[in-house]
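The values are calculated or read from the model by the stated rules, or taken from the named source; none is laboratory data. Quick caveat: nothing in here was measured; it's all calculated off a predicted structure. When we count neighbours, we look across all protein chains shown, and the Cβ atoms used for this are built from the backbone with ideal geometry, even at glycine. Surface areas here come from the heavy atoms of the whole protein model, side chains and all, with no ligands, DNA or RNA. Shrake-Rupley method; radii C 1.70, N 1.55, O 1.52, S 1.80 Å.
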Amino acid sequence: MFENILLERRGRVALITINRPDKLNALNIKTREELANALDELRADAEIRVVVLTGAGEKAFVAGADINEFAGRTAVQQRAVMKARNIFVTAEDFPKPLIAMINGFCLGGGCELALSCDIRIASEKARFGQPEINLGIIPGGGGTQRLTRLVGEGKAMQMILTGDMIDAQEALRLGLVNEVHPVTDLEAKTMDLANKIAEKSPVALAMAKTAVKAAARTTLRAGLDQEIDLFALCFSSEDKEEGVRAFLEKRKPEFKGR
């Protein structure tokens, strides 16, 4: 079904691999379309509870947009491309936990794609940056907004205005990534986390994602009100009843996503 990505199901976890290693997994239009279609497919798959996103090869997660597509493109054309279905918004709005497994260069649109995920796990050799300024442009896939919310205005401003890269340990210090692991351990550690999350109630996972994301998008009072509504809504699910029974019976719950 796909030319530029690979889709693999591993029990309750799906692995999407951007498969353009000769282009450092650069995001061209076709790749963005396929990513969106894969997420649509996994959204509808009740067996899948967590999705891991990575890049093929040993050099890059995603090294950025495919710059070949920029040549000769007018402002009107570029705006039309960006206003079409936006893969960064699609990833951010995906209702299931989405984990970026970052195995190398994570630059430009690649960094923006990682920022659109819920959790970012990096290898020690990962490098992060928004180098668009070096092309005479600025980040256009959410870098100025999501990066600022994650690491603060000062550091985001420095990264965007200089175009400089930071290494994995600096990204960890800033809170840009959640964990850093040796290259040889990256996949195992990421899949361990994905499988741990996949054991939870899909209903509660979706509610928790919505509530946490509200913190950066609303006022405190509005976020607290939404949290209460989502908390109460969990009480309408079969998973809540199973979770409570399992706790009282001192056993592991078996959540069904209902």
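Scanning the stretch 207-224 for residues that are surrounded by 13 or more Cβ atoms within 10 Å (Cβ to Cβ), assigned to a helix (DSSP H, G or I) and of a type outside the set (S, T, N, Q) yields MET207, ALA208, LYS209, ALA211, LYS213, ALA214, GLY223, LEU224. Taken over the stretch 221-243, the criterion of being among the aliphatic types (A, V, I, L, M) and more than 24 Å from ALA198 (Cβ to Cβ) is satisfied by ALA222, LEU224, ILE228, ALA232. In the stretch 117-125, is there at least one residue being open to solvent by 10 Å² or more (accessible area, probe 1.4 Å) and in a strand (DSSP E or B)? Yes; the residues of the stretch 117-125 include at least one that is open to solvent by 10 Å² or more (accessible area, probe 1.4 Å) and in a strand (DSSP E or B). Exactly one residue out of ALA171, ALA156, ALA204, ALA198 is surrounded by 14 or more Cβ atoms within 10 Å (Cβ to Cβ) and touching a Leu at 6+ places or on another chain (Cβ under 7 Å), and it is ALA156. Output yes when any residue across the stretch 158-165 is in contact (Cβ under 8 Å) with a residue 40 or more places away in the chain and either among the polar types (S, T, N, Q) or under 25 Å from ARG49 (Cα atoms) (or both), and no when none is. Checking the stretch 158-165: not a single residue is in contact (Cβ under 8 Å) with a residue 40 or more places away in the chain and either among the polar types (S, T, N, Q) or under 25 Å from ARG49 (Cα atoms) (or both). The numbered conditions (1) closer than 25 Å to LYS196 by Cβ; (2) open to solvent by less than 80 Å² (accessible area, probe 1.4 Å); (3) in contact (Cβ under 8 Å) with a residue 40 or more places away in the chain; (4) of a type outside the set (Lys, Arg) are all true for ILE16 except (3). Within the stretch 112-157, being among the hydroxyl-bearing types (Ser, Thr, Tyr) and within 17 Å of ALA100 (Cβ to Cβ) holds for SER116, SER123. Screening GLU132 with (1) closer than 30 Å to THR184 by Cα; (2) open to solvent by less than 50 Å² (accessible area, probe 1.4 Å); (3) not in a strand (DSSP E or B) gives one miss only, at (1).
Taking first residues from the stretch 244-258 that are under 18 Å from LYS196 (Cβ atoms) and partners that are surrounded by 10 or more Cβ atoms within 10 Å (Cβ to Cβ) and β-branched (Val, Ile, Thr), the Cβ contacts under 8 Å between residues at least 6 apart in sequence or on separate chains come to PHE255/VAL203; GLY257/VAL203.
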